[in-house]
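Engineer: Let me begin by handing over the structure; questions about it come next.
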Amino acid sequence: MVVNDYGEHFPEKGVEYLNKVKSMNFGILTFGCKVNQGESENIVSNMIKNGYEFSKSNFNLKIIIINSCTVTAESDRKLRQSIRRLRKQNPDSILVLTGCMPQAFPELASKLEDVQIVVGNSKKEYIPELIKKYIQNKKLIFEVEDIFKIKKFKEISQAYFGSRLRAFLKIEDGCDRFCSYCIIPYARGRVRSKKLEEIEKDIISLSRNGYREIVLTGINLSSYGKDLNLKLEDAIKKISSIPEVKRIRLGSLEPDLITEEFINSLARETKICPQFHLSLQSGSNKVLEKMRRKYSKEDYLNLVNLIKQKIPLATFTTDLMVGFPGETNEDFEESLKLVAEVGFLKVHVFPYSIRSGTLAAKLSNQIDGHIKTKRVQKAIDISKKISKIVIEGFTGLEMDVLYESYEDGFYKGYTTNYILVKSECSWDVRGKILKTLLTYTTNGEFCIGKIIQER
């Protein structure tokens, strides 16, 4: 018998046992943020290392893993819907539920009849062992621990199974902010940061395996290093010093945690992608205060202008929540005005959804669903028009494009500031970073490019 770090006893992996496991295929469904996406890739890699066979199909699966999000009540509704659909498609499969939903709402997760294994966020790496345990005992497995007891970043080596061009590297977990609408601190715990030496080890491994762009992610990336007496710029400098790394892209940042010193340091880093996802949520100071956000619309706009001044090619993306309790038409119009003033490349617009367990769920003046729907559509329409203007502003420029795929006669890739480019070429440019002239845009969703760099 073997005792692993999890404390479970399993028979040693003989040839007969491995052959049995290898005949079991699995699929994975991921909801939510880039952190979840990166963790799902690690789950896939870990399952393959343990002898399981990965399948992209939704049918005839022996094992189904769902990595959940619970940021809104709508997320939970979609999760339940997906569980029912997958169970219908795979009536005899083992269904594993992990991620933020069971972590934040363990009692609800334990009552989902179609699920055999429930795993919290802190135990995702043990999924292969838990599946083996279920196969042996055929009993419901429920493994969710108090996330606030987790004090250190869980060091898991990054081993990616997906694209060989862009890797999502989680360097921070947890959040200490407790915004009034957000359940995530209860699903992820307090801020915990990855040590610099571990970051360096992972980056070297990823770059040697062909990854050209590293996307740094975290539940609250801006708080990286808070628990280690470090700052986010320390991690960036460490990664930038590795020659094989060509691009460093940052995940979502909290506006009030970005200093002028930090912006100056980014302006000096030639490998930083000048695309900034600055979480907005609302352009109304009254609503921001109710949300318990720690900045005003004036602070936000001043930050954007400072970045534009220091980093001329910078583009901005954001999240915009509409229909927060008590949001008036005037508040909503203030949000639209700020969206126009900033000039966002992309805006993720979504309606406020009551999330039990948060302060906002108890607020009066909840907004009617029809009003929220209309506001969402109006914000999306305006955001698309602004995006077209932003992209048109870059036409005529020569920019580096990392080409990732080929579709409908065009090679597709992104500039450093996250403009989608489609170019024709007589040779395969996938995996190449090439100087490209941005010629024109038709619908504002992408630019037609002309590769001007020789093979």
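The values are calculated or read from the model by the stated rules, or taken from the named source; none is laboratory data. Computed from a predicted model, the values in this text were never measured in an experiment. A quick note on method: Cβ atoms are made from the backbone with ideal geometry, for glycine too, and the neighbour counts reach across all protein chains shown.
Engineer: Determine which member of the set Lys308, Lys294 is within 25 Å of the chain's Cα centre (by Cα), under 27 Å from Thr270 (Cβ atoms) and among the charged types (D, E, K, R).
Structural biologist: Criteria check complete, one pass: Lys308.
Engineer: Has segment 383-397 got any residue that is without any contact (Cβ under 8 Å) to a residue 24 or more places away in the chain, surrounded by fewer than 14 Cβ atoms within 10 Å (Cβ to Cβ) and assigned to a helix (DSSP H, G or I)?
Structural biologist: So far as segment 383-397 goes, no, none of its residues is without any contact (Cβ under 8 Å) to a residue 24 or more places away in the chain, surrounded by fewer than 14 Cβ atoms within 10 Å (Cβ to Cβ) and assigned to a helix (DSSP H, G or I).
Engineer: Would you confirm, using the coordinates I've provided, whether Leu278 is crowded, with 18+ Cβ neighbours inside 10 Å, closer than 30 Å to Glu334 by Cα and free of Cβ contacts under 8 Å to residues at least 60 places away in the same chain?
Structural biologist: Yes; evaluated as a whole, the condition is true for this residue.
Engineer: Turning to a different aspect of this structure: Checking the condition part of a loop (DSSP other than H, G, I, E, B) and either surrounded by fewer than 22 Cβ atoms within 10 Å (Cβ to Cβ) or of a type in the set (A, V, I, L, M, F, W, C) (or both), which residue from Lys237, Lys201, Lys226 passes?
Structural biologist: Exactly one of Lys237, Lys201, Lys226 is part of a loop (DSSP other than H, G, I, E, B) and either surrounded by fewer than 22 Cβ atoms within 10 Å (Cβ to Cβ) or of a type in the set (A, V, I, L, M, F, W, C) (or both), namely Lys226.
Engineer: Evaluate segment 106-129: report whether one residue or more is aromatic (Phe, Trp, Tyr) and within 19 Å of Leu221 (Cα to Cα).
Structural biologist: no
Engineer: For segment 1-56, which positions are at pLDDT 85 or above and polar (S, T, N, Q)?
Structural biologist: Residues satisfying the conditions are Asn25, Thr30, Asn36, Gln37, Ser40, Asn42, Ser45, Asn46, Asn50, Ser55.
Engineer: Quick one: which residue in Ile448, Ile419 is touching a residue at least 24 places away in the same chain (Cβ under 8 Å) and under 23 Å from His277 (Cβ atoms)?
Structural biologist: Ile419
Engineer: Which ones in segment 26-54 are farther than 18 Å from Ile117 by Cβ and hydroxyl-bearing (Ser, Thr, Tyr)?
Structural biologist: Across segment 26-54, the qualifying residue is only Ser45.
Engineer: Return yes or no: is Tyr406 assigned by TED's automatic domain parsing to the domain that holds Thr441, in contact (Cβ under 8 Å) with a residue 40 or more places away in the chain and outside any helix (DSSP H, G or I)?
Structural biologist: no
Engineer: Of the conditions (1) in contact with a Ser or Thr (Cβ under 7 Å, 6 or more places away or on another chain); (2) buried (at least 17 other Cβ atoms within 10 Å of the Cβ); (3) farther than 30 Å from Glu330 by Cβ, Ala360 satisfies every one except a single condition; which number is it?
Structural biologist: Failing condition for Ala360: (3).
Engineer: Just to be sure I understand, how many residues within segment 325-347 are within 18 Å of Phe394 (Cβ to Cβ) and not small (Gly, Ala, Ser)?
Structural biologist: 5
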